[in-house]
Amino acid sequence: MKPLLRIERLAGMRWCWIVIVVTLSACGVVPSQPSSARSAAPASPSSATPAVPATASPSQGSSPSSSPSPASSTTPASSPSPQPTRAAPLLFAALEAKGTTNPSSWNTLAIAGLDGYARAKTTFTPMPFPYVGCAGPIVPMSAHVAAGRVYFADGTGAIRSLSPNGQVVQVTKFPLTSSQQMLSFAVSPDGTKLLATIFTFPPAPPSPAACGGPSLFAPGSFTLDVYAADAGTPSTLLYHQDLGTAIPANVMELVGWDQAGPFGTDPSVLATQGGGPAHYYGTTVHIDATTGKVAQSISDQSCLVWDIAATGDFVCSDTSSGDLSVRRPDRSEIWHFKAQANAGFYYEFLAPDEQHVVAVGSANVVVGRDGSNVALAPSFFHDGWLDSQTLVGGGFNKNFSYVSLASPGNVVDIGFAGLFIGTVQA
């Protein structure tokens, strides 16, 4: 049998990924998150009048509603969890799949509050899902928050932005022309610059082979094209790579852009047959903003990166001990938290003020730089932070919900489902 794919299991982790590299074998795993599922960030309910009414989504439950009624998913309480005082309502961006047969085929972008109201919403052509054999493609994140707006890509390669007041602006376009392509992009924090990659698979064979068959794709080459653009101008090709006819071992994808510059994954995990929760699908790397090429790995092989903050600081897990470590872009440590015996940390997200990390250990917990260790409600599974005191979770398989650190056992239902993108500053 000709080797085609390899399943890699990372040390200490509780899932496996199929890496488009080299033998396909079975892997017993827990049910996976959506192939594009990545990170999130928290918020709190607002009483503002909704700007956009919404309809029910057959594939994802209710959309941000014009008459929300948040309810606790634990035992009903006489009053909601204490909310921090804020000058403005906390808003977050989410992708929804409206009326699609594929629950990860995002075609709607909403900016909503924790009250379930949509302040702004727009629809778009969903991203293609390339044929990758008996695995499912991991389509890169197609939306990012920058400069108070949400930048999103559609299935034609167009990049637009949505503001909290509903304004949609054309930003640029990358030449996405085939259903056998995947686009990744990143936006600078000030919203002025963009980088993008377009990875192209060979065509699907006329008669798709079973897993492990002699020919996964029709004849053709794998290619990678990397582009740059200034907001409001056409994109330009930085370089083209013909990766040959064999499945490439190293493919770069863009993930985000922090104060240290653009970052992504290389090698990237391009397909999966399932697995546990993941944030970054591959080895995280710094990318040069001028050349679009990999500069260096963000961490060494001894610490697996889980989340990268806006400052460029990151949280990672020691691959031998499971200890949690918060580090600067130069890899020097800021603080760490020792894992309990036989319960190393994983699926970690760093709070915006970098004083806490939410992670899975012996339970779903929030650990602090001050040595605190607080268990969250068992019914809540985090997707990230909305602010430094509020966590968001749920989303894909059930409605979004949030938990305040002031009341970690009280889970509040936001009222609609989707894929969390990030907090939006109005």
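The values are calculated or read from the model by the stated rules, or taken from the named source; none is laboratory data. Since the model is a prediction, treat every value here as computed from it, not as a measurement. No Cβ is skipped: glycine too gets one built from the backbone with ideal geometry, and neighbour counts run over all protein chains shown.
In the set (1) in contact with a Lys or Arg (Cβ under 8 Å, 6 or more places away or on another chain); (2) surrounded by fewer than 19 Cβ atoms within 10 Å (Cβ to Cβ), the condition left unmet by Ser207 is number (1). Out of contact with any strand residue (DSSP E or B) (no Cβ under 8 Å at 6 or more places or on another chain), in contact (Cβ under 8 Å) with a residue 24 or more places away in the chain and β-branched (Val, Ile, Thr) - does that describe any residue in the stretch 242-258? Yes, the stretch 242-258 contains a residue that is out of contact with any strand residue (DSSP E or B) (no Cβ under 8 Å at 6 or more places or on another chain), in contact (Cβ under 8 Å) with a residue 24 or more places away in the chain and β-branched (Val, Ile, Thr).
Quick check, is Phe396 closer than 18 Å to Trp106 by Cβ and touching a strand residue (DSSP E or B) at 6+ places or on another chain (Cβ under 7 Å)?
When the stated conditions are applied, Phe396 passes them.
How many residues are in a loop (DSSP other than H, G, I, E, B) and farther than 10 Å from Tyr402 by Cα when one looks only at the stretch 366-389?
Total meeting the criteria: 10.
Which of the residues spanning the stretch 107-133 are touching a Leu at 6+ places or on another chain (Cβ under 6 Å) and over 21 Å from Asn165 (Cα atoms)? Within the stretch 107-133, just Gly133 meets the criteria. For the stretch 131-157, a residue qualifies if it is charged (D, E, K, R) and assigned to a strand (DSSP E or B), and exactly one does: Arg149.
Select, from Pro64, Pro76, Pro53, the only residue that is more than 30 Å from Ala204 (Cβ to Cβ), at pLDDT below 80 and buried (at least 18 other Cβ atoms within 10 Å of the Cβ). Lay out the reasoning, then the answer.
Details: Pro76 fails: buried (at least 18 other Cβ atoms within 10 Å of the Cβ); Pro53 fails: buried (at least 18 other Cβ atoms within 10 Å of the Cβ).
Pro64 is the lone residue from the list that is more than 30 Å from Ala204 (Cβ to Cβ), at pLDDT below 80 and buried (at least 18 other Cβ atoms within 10 Å of the Cβ).
Among the residues of the stretch 331-343, is there at least one that is over 30 Å from Asn107 (Cβ atoms) and among the aromatic types (Phe, Trp, Tyr)? There is at least one residue in the stretch 331-343 that is over 30 Å from Asn107 (Cβ atoms) and among the aromatic types (Phe, Trp, Tyr). When each of Pro206, Pro189 is tested for being in a loop (DSSP other than H, G, I, E, B), under 28 Å from Ala93 (Cβ atoms), of a type outside the set (D, E, K, R) and touching a residue at least 12 places away in the same chain (Cβ under 8 Å), the lone residue that passes is Pro189.
Quick test for you: out of Ser362, Ser407, pick the one residue that is small (Gly, Ala, Ser), surrounded by fewer than 22 Cβ atoms within 10 Å (Cβ to Cβ), assigned to a loop (DSSP other than H, G, I, E, B) and in contact with a strand residue (DSSP E or B) (Cβ under 8 Å, 6 or more places away or on another chain).
Testing whether each residue is small (Gly, Ala, Ser), surrounded by fewer than 22 Cβ atoms within 10 Å (Cβ to Cβ), assigned to a loop (DSSP other than H, G, I, E, B) and in contact with a strand residue (DSSP E or B) (Cβ under 8 Å, 6 or more places away or on another chain) leaves just Ser362.
Residue count for the stretch 290-336, restricted to those that are more than 25 Å from Ser372 (Cα to Cα), surrounded by fewer than 16 Cβ atoms within 10 Å (Cβ to Cβ) and among the hydrophobic types (A, V, I, L, M, F, W, C): 1.
Contact map, the stretch 133-161: first residue over 15 Å from Phe174 (Cα atoms) and among the small types (Gly, Ala, Ser), second residue buried (at least 24 other Cβ atoms within 10 Å of the Cβ) and at pLDDT 95 or above, Cβ cut-off under 6 Å, separation 6 or more or different chains; pairs are Ala146/Val187. For the criterion of being loosely packed, with under 14 Cβ neighbours inside 10 Å and either touching a strand residue (DSSP E or B) at 6+ places or on another chain (Cβ under 7 Å) or under 24 Å from His279 (Cα atoms) (or both), Thr233 passes.
Report whether or not Ser215 is part of a loop (DSSP other than H, G, I, E, B), at pLDDT 95 or above and among the polar types (S, T, N, Q). Break it down stepwise before answering.
Numbers: part of a loop (DSSP other than H, G, I, E, B): yes; at pLDDT 95 or above: no; among the polar types (S, T, N, Q): yes.
No; evaluated as a whole, the condition is false for this residue.
Based on this model, can you work out whether Phe416 counts as buried (at least 21 other Cβ atoms within 10 Å of the Cβ) and in a loop (DSSP other than H, G, I, E, B)? It is true that Phe416 is buried (at least 21 other Cβ atoms within 10 Å of the Cβ) and in a loop (DSSP other than H, G, I, E, B). Of all residues in the stretch 87-107, those satisfying the criterion of being assigned to a loop (DSSP other than H, G, I, E, B), within 16 Å of the chain's Cα centre (by Cα) and of a type in the set (A, V, I, L, M, F, W, C) are Ala97, Trp106. The residue pairs whose first member lies in the stretch 109-126 and is in contact (Cβ under 8 Å) with a residue 40 or more places away in the chain and farther than 22 Å from Ser401 by Cα, whose second member is assigned to a strand (DSSP E or B) and hydrophobic (A, V, I, L, M, F, W, C), and whose beta carbons are closer than 6 Å, counting only pairs six or more residues apart or on different chains, are Thr122/Leu109; Thr122/Leu162; Thr122/Val168.
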